[in-house]
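Comments concern the structure below.
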Amino acid sequence: MRFNVRFAGLGGQGIITMGLAIGRASSIYDKKYVIMTEAYGPEITGGFARADVIISDEEIDYPLIEHPDILVLMHTDGWERNKDLVTNDSLVIYDDFLAKVEESGNGQFFKIPSFSVGNELGRKVVANVVMMGAIQEITKIVSKEALRKALLDLVPKGTEELNLTALERGYEIGSKIGGKIEA
Amino acid sequence: MSEKYYLGKHFMMGNHAIVEGALMAGCRFFAGYPITPASPIAERMSWRLPEVGGAYIQMEDEIASMAAIIGASTGGVKSMTATSGPGLSLMLENIGLAYMMEVPVVIVNIMRGGPSTGMPTLTSQADVMQARWGSHGDYDMIAYAPSTVQEMFDFTIKAFNASEKYRTPVMILGDQVLGLMTSDLYVPHKEELEVIDRKIPEDGLEDYLMYDSKELIPPMAIAGMGYKVHMTGLTHNDKGYPDVSVVAQEKLMKRLKAKFKQNLSNIIEVEERYTEDAEIAVACFGSESRSVLNAVKKAREENIRVGIFRFKTIWPFPENEILDLSKRVSKIIVAEVNLGQLIHPVKENADPDCEIISLPHAGGAIHKPEEILAMIKKEATS
């Protein structure tokens, strides 16, 4: 089983962090083979940002993603750059406020209010964590236990509670949508 | 000073794995100048070195960085720098100095698209020849070519060991794909690893010579031990004093060359997979070899007898290994992310009856597996 996951958005949204958290969870705690590659524009914030994560039961040779099985979008820019890669088997999971996505043609689409929920929690920056919770519920590419541990490894001291709350909210949103994918 | 290592399983960036490998090998000094895509090496070194009792310095440029690690190494501290194409160009003169003065240092080149500033954020394997021939004069280079995050760690230790053992600069040729890739890494206990330290002379020898020509690799006195030594880039005698003469040049150059020639089998490492019954072999190294492996596996599913020959060390060139391979297969495809560099020594050393085919890539990405597979299929049917 192999999943190709692409996270796309803008620098500053925690795109690379999403790749690192889900990659770390799968590698260290779920004990899968994982490769993450990253790409971003030269701007400190606001340029394009992308993290590609391959999660596999077997050793990974070619380390790059041609077609994502799962495309996670935190901004319209990510959709513009990747919409041609979406196939009938792709899952497109996107923020319903920040990413304008035309839900026609290929793929299965999931709208997640990650930014709004982040806002509700008082810190917009946890939108990516809400999104990760939703991704977990919808795709099951990573276990909850592993994701929680990996997240706690990565977030700054003093923000653990906020991040875990954001993750829980993501789980709630995702579980209402449901839809475990079959690889 | 306590030494802090992060043992066990990690999900780590390739560039960072190089740092952990270097520290494990005993590296305690880094001088560098930031450059994409090698900067994460310097960044991690800047906080990791103090944790193990070492020192980090950001220099004014790459020329000075190379000079600083040579100086630190003569002081007995294992030293490293890291850069990418344009920075390596600036280091070349002093790499020659390290070779001539026989100072162990490790240089990491995380290759990016060139020439000139080229493509800072995108990959390439176009510095293969520069690694070997970039500095002037007759010299040799040992160059390791890792292809996974784990090998970034493992080969860095090998690079330090080789530089210490042979008293010579050693290069690690990574690239942007590997440097900025995050993947599985296992860091073992130091006791489980082979770490080689340079030979130093005993204290108080009356007849110690820094460049004793009776030895293939003379023990290296450390600055401060009390020995009076002289080190220079000029052709020198056994004491290290300049001796710009035909006789001294021949004596010195031949000994330096012999350090490599007599140790080829200890230095050279290659890997073959699926070559037992292969009619075609794809020769490759680094990140590109991962794409090749994918293509070879797919070709095997279609019963094409193809295998992979991977250079784990590129320099010194594995002449005998290529000759041996070329006698077993009828064709060798050389897949590389440049417009045809490594194909030249492959051609030069292969059996004339073996056909050598170039699969070049102008850079910015490694080949897609289907591009390599298409070439394999074409050659299998022609």
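In table form, for the structure just shown:
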item	result
Exclusive hit being acidic (Asp, Glu), closer than 20 Å to B:LYS257 by Cβ and in contact with a strand residue (DSSP E or B) (Cβ under 9 Å, 6 or more places away or on another chain), set B:ASP175, B:ASP184, B:ASP127, B:ASP140	B:ASP140
The stretch A:32-47: number of residues that are within 20 Å of B:PRO37 (Cβ to Cβ), among the charged types (D, E, K, R) and under 18 Å from the mean Cα position of the chain (by Cα)	1
Residue that is at positive phi, without any contact (Cβ under 8 Å) to a residue 60 or more places away in the chain and buried (at least 18 other Cβ atoms within 10 Å of the Cβ), where the choices are A:GLY133, A:GLY107	A:GLY107
Close pairs (9 angstrom Cβ cut-off, 6 or more residues apart or separate chains): under 14 Å from A:SER175 (Cα atoms) in the stretch A:137-158, basic (Lys, Arg) anywhere	A:GLU137/A:LYS144; A:GLU137/A:LYS176; A:GLU137/A:LYS180; A:ILE138/A:LYS180; A:THR139/A:LYS180; A:LYS140/A:LYS180
Of all residues in the stretch A:61-75 being in a loop (DSSP other than H, G, I, E, B) and more than 8 Å from every other protein chain (Cβ to nearest Cβ), the one that is nearest to B:MET119 (Cα to Cα)	A:ILE65
The listed residue being among the acidic types (Asp, Glu) and either assigned to a loop (DSSP other than H, G, I, E, B) or in contact with a Leu (Cβ under 8 Å, 6 or more places away or on another chain) (or both), out of A:GLU58, A:GLU80	A:GLU58
Any hit, the stretch A:20-34, residues being in contact with a strand residue (DSSP E or B) (Cβ under 8 Å, 6 or more places away or on another chain), at the interface with another protein chain (Cβ under 9 Å from one of its Cβ atoms) and in a strand (DSSP E or B)	yes
Residues satisfying the stated conditions in the stretch B:332-353, i.e. more than 18 Å from the chain's Cα centre (by Cα) and either surrounded by fewer than 20 Cβ atoms within 10 Å (Cβ to Cβ) or of a type in the set (Asp, Glu) (or both)	B:LEU339, B:GLY340, B:HIS344, B:LYS347, B:GLU348, B:ASN349, B:ASP351, B:PRO352, B:ASP353
Test: B:MET152 is touching a Pro at 6+ places or on another chain (Cβ under 6 Å) and either within 14 Å of chain A (Cβ to nearest Cβ) or buried (at least 24 other Cβ atoms within 10 Å of the Cβ) (or both)	yes
Lone qualifier among A:ALA51, A:ALA8 - being away from chain B (no Cβ under 14 Å), modelled with pLDDT of 95 or more, part of a strand (DSSP E or B) and within 13 Å of the chain's Cα centre (by Cα)	A:ALA8
Test: A:GLU102 is part of a helix (DSSP H, G or I) and more than 16 Å from the chain's Cα centre (by Cα)	no
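To keep it simple, each residue is scored yes or no on (1) of a type in the set (Ser, Thr, Tyr); (2) surrounded by fewer than 19 Cβ atoms within 10 Å (Cβ to Cβ).
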{"site": "A:ILE112", "(1), (2)": "no, no"}
{"site": "A:GLY118", "(1), (2)": "no, no"}
{"site": "A:LYS124", "(1), (2)": "no, yes"}
{"site": "A:THR139", "(1), (2)": "yes, no"}
{"site": "A:GLU145", "(1), (2)": "no, yes"}
{"site": "A:LEU152", "(1), (2)": "no, yes"}
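The values are calculated or read from the model by the stated rules, or taken from the named source; none is laboratory data. As the structure is a prediction and not an experimental result, all values here were calculated from the model. All Cβ positions, even for glycine, are placed from backbone atoms using ideal geometry, and neighbour counts span all protein chains on display.
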